[in-house]
1. I'd like to verify a number: residues in segment B:28-85 that are on the phi > 0 side of the Ramachandran plot and touching a residue at least 40 places away in the same chain (Cβ under 8 Å), how many?
2. What is the residue count in segment A:10-30 for residues that are within 20 Å of A:ASP71 (Cβ to Cβ) and surrounded by fewer than 21 Cβ atoms within 10 Å (Cβ to Cβ)?
3. Just checking, does segment B:43-50 include any residue being within 14 Å of another protein chain (Cβ to nearest Cβ), under 12 Å from the mean Cα position of the chain (by Cα) and among the β-branched types (Val, Ile, Thr)?
4. Quick test for you: out of B:THR82, B:THR76, pick the one residue that is out of contact with any helix residue (DSSP H, G or I) (no Cβ under 8 Å at 6 or more places or on another chain), open to solvent by less than 20 Å² (accessible area, probe 1.4 Å) and of a type in the set (Val, Ile, Thr).
5. Which one is nearest to B:GLN54 (Cα to Cα) among residues in segment B:86-113 that are open to solvent by 50 Å² or more (accessible area, probe 1.4 Å) and under 16 Å from the mean Cα position of the chain (by Cα)?
6. Can you tell me how many residues in segment B:63-72 are surrounded by 13 or more Cβ atoms within 10 Å (Cβ to Cβ) and either more than 13 Å from B:PHE21 (Cβ to Cβ) or not aliphatic (A, V, I, L, M) (or both)?
Amino acid sequence: GQQLNQSPQSMFIQEGEDVSMNCTSSSIFNTWLWYKQDPGEGPVLLIALYKAGELTSNGRLTAQFGITRKDSFLNISASIPSDVGIYFCAGLNYGGATNKLIFGTGTLLAVQP
Amino acid sequence: DTGVSQDPRHKITKRGQNVTFRCDPISEHNRLYWYRQTLGQGPEFLTYFQNEAQLEKSRLLSDRFSAERPKGSFSTLEIQRTEQGDSAMYLCANSDRGGEKLFFGSGTQLSVL
């Protein structure tokens, strides 16, 4: 099935560092969502974006909806060990018949204390 | 806690056996989704219910797979004659009142030996 491209695939950083990751699509979406997944658990919603150019924060997390509507970015500031996990972007065309999420390939984040 | 419960959390079965998973969503949310996630990939859409009606099925959902949502409440996903390729995490998701955010359960991890 279709998946969005996320980069980088993995990141290994020191505690306290800032992190940036992005997600690109060949299709336009009108909603972008970012999820975090811990091993053996389902994805947990972090941030939802609804308008091109929108910048939204949730604590140390900031996400942006790209102007072209084909990309999105997630930044994590001052990383801590509990930020470890896999981060997924997901695109959605809200208002359609299904509201089906298309997920990215994921970015694995490892934080060394 | 997203309020979406899945049972069982883990299932180990032999090839050729039938398995059934259950999802109990947030009661007042009428949209329910099933996704499948294999190792190293993002979740992929399988099927979608609005109330008790199954409105869309992915081509990933072969004829060995069947999903139901009687009375528009809990949902079940059955896999008949399991194959090793069915090994994956099966995730259930519910959308919120607005429909643009999906909340996932913890998933059922299926291993087919």
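The values are calculated or read from the model by the stated rules, or taken from the named source; none is laboratory data. None of these values were measured; they are calculated from a predicted model. With ideal geometry, Cβ positions are generated from the backbone for all residues, glycine too; neighbour counts draw on all protein chains shown. The area values use the complete protein model at the heavy-atom level, side chains included, leaving out ligands, DNA and RNA. Shrake-Rupley method; radii C 1.70, N 1.55, O 1.52, S 1.80 Å.
1. 2
2. Matching residues across segment A:10-30 total 11.
3. So far as segment B:43-50 goes, yes, one or more of its residues are within 14 Å of another protein chain (Cβ to nearest Cβ), under 12 Å from the mean Cα position of the chain (by Cα) and among the β-branched types (Val, Ile, Thr).
4. B:THR82
5. Only one residue tops the list, namely B:PHE103.
6. So the answer is 6.
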